[in-house]
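**Student:** First, the structure itself, so that you have it in front of you.
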Amino acid sequence: MEKMAGMTGARFITFEGGEGVGKSTQAQMLVEALESRGLRVIQTREPGGTPGAEAIRALLLDTNYEWGTRAEALLFAAARSDHVAGLIGPALDRGDWVVCDRYIDSSRAYQAGGGEWSDDAILSLHTLGSHALMPDLTLLLQAPLDHVAQRLHLRDGDNSDRIGGKSASYHKRVAEHFRQMAMTDPERFVLVDATGTPEDVHKRVMRAMAPLIGEGG
Ligand code: TYD
């Protein structure tokens, strides 16, 4: 699998951020905006996106089994490997755009930032599993934790998934790791204020996308 995006103009865009910050709504709105410009776009998410990766998603999130932190990180990497080989890579090779709700930075934030792995170890798994394929642009959605807690309660009630249900201090570490990654890689990351209406946030997303779709600043 070779990344052809540079040759075809297709781009690989990821949304990242904590739970309930509006990533899937914004991914959907971005896909519609790109399609309305005549672009072919694949919308996908992690963990998941291919039958194999969706099966791993169910193992990770929908069972009460307590995976150890090592097995958990390997499973996320295995799901991503299947997703890159089966969907993302072929789409970019065809010249389609790819918009993905969570990707490698979620593993870095949750398994390294929130857990016991180092960032380097997570990136090594990504090299082994997925040829270290990185997005062209990562939109990191950010909102204050109390704002997010309200949205999550509306969405999930008391039924948050196994990872979403972890402690506030865990989620604080995750948020901090996301912020640090964005600071260290300002070329790839754009911080997007996720407060306000979905339309407000979408406008900010489109401003960040302007250079990639040739619409000026
Ligand atoms: P999901 O329902 O996709 O996310 P959200 O709650 O943002 O709508 O749940 C995915 C969960 O898996 C979420 O809690 C983050 C976690 N996760 C990791 O820990 N590592 C990863 O690599 C990925 C992709 C997700």
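**Student:** Quick check for you: with a 1.4 Å probe and neighbouring chains kept, what is the accessible area per residue of the chain, in Å²?
**Tutor:** Accessible area per residue, the chain: 48 Å².
**Student:** Given a 1.4 angstrom probe, I'd like the percentage of the accessible area of region 109-163 that is carbon and sulfur, rounded to a whole number.
**Tutor:** 53 percent
**Student:** Let me ask something else. For the chain, what are Rg and Dmax over the alpha carbons, in angstrom?
**Tutor:** According to the Cα coordinates of the chain, Rg and Dmax are 16.5, 49 Å.
**Student:** Under Stokes-Einstein, with the Kirkwood radius over Cα pairs standing in for Rh, what whole-number D in µm²/s applies to region 74-186 at 25 °C and 0.890 mPa s?
**Tutor:** Rounded, D is 159 µm²/s.
**Student:** So which GluC sites (Glu not before Pro) in region 1-102 are both in a DSSP loop and have at most 11 other Cβ atoms within 10 Å of their Cβ?
**Tutor:** For GluC sites (Glu not before Pro) across region 1-102 that sit outside H, G, I, E and B with at most 11 neighbouring Cβ atoms in 10 Å, the list reads 2, 66.
**Student:** Quick test of the membrane-span-like rule: which DSSP H helices of the chain reach at least 27 Å along their long axis (C-alpha atoms) with mean Kyte hydropathy at least -1.0?
**Tutor:** none
**Student:** Considering only the other residues whose Cβ falls under 11 Å of the Cβ of residue 181, what net charge follows from Lys and Arg at +1 and Asp and Glu at -1?
**Tutor:** Here the charged neighbours net out to -2.
The values are calculated or read from the model by the stated rules, or taken from the named source; none is laboratory data. Since the structure is predicted, the reported quantities are computational estimates derived from the model, not experimental observations. Note: ideal-geometry Cβ built from the backbone for every residue, glycine included; neighbour counts use all protein chains shown. Calculation scope for accessible area: heavy atoms of the full protein, side chains included, ligands and nucleic acids excluded. Shrake-Rupley method; radii C 1.70, N 1.55, O 1.52, S 1.80 Å.
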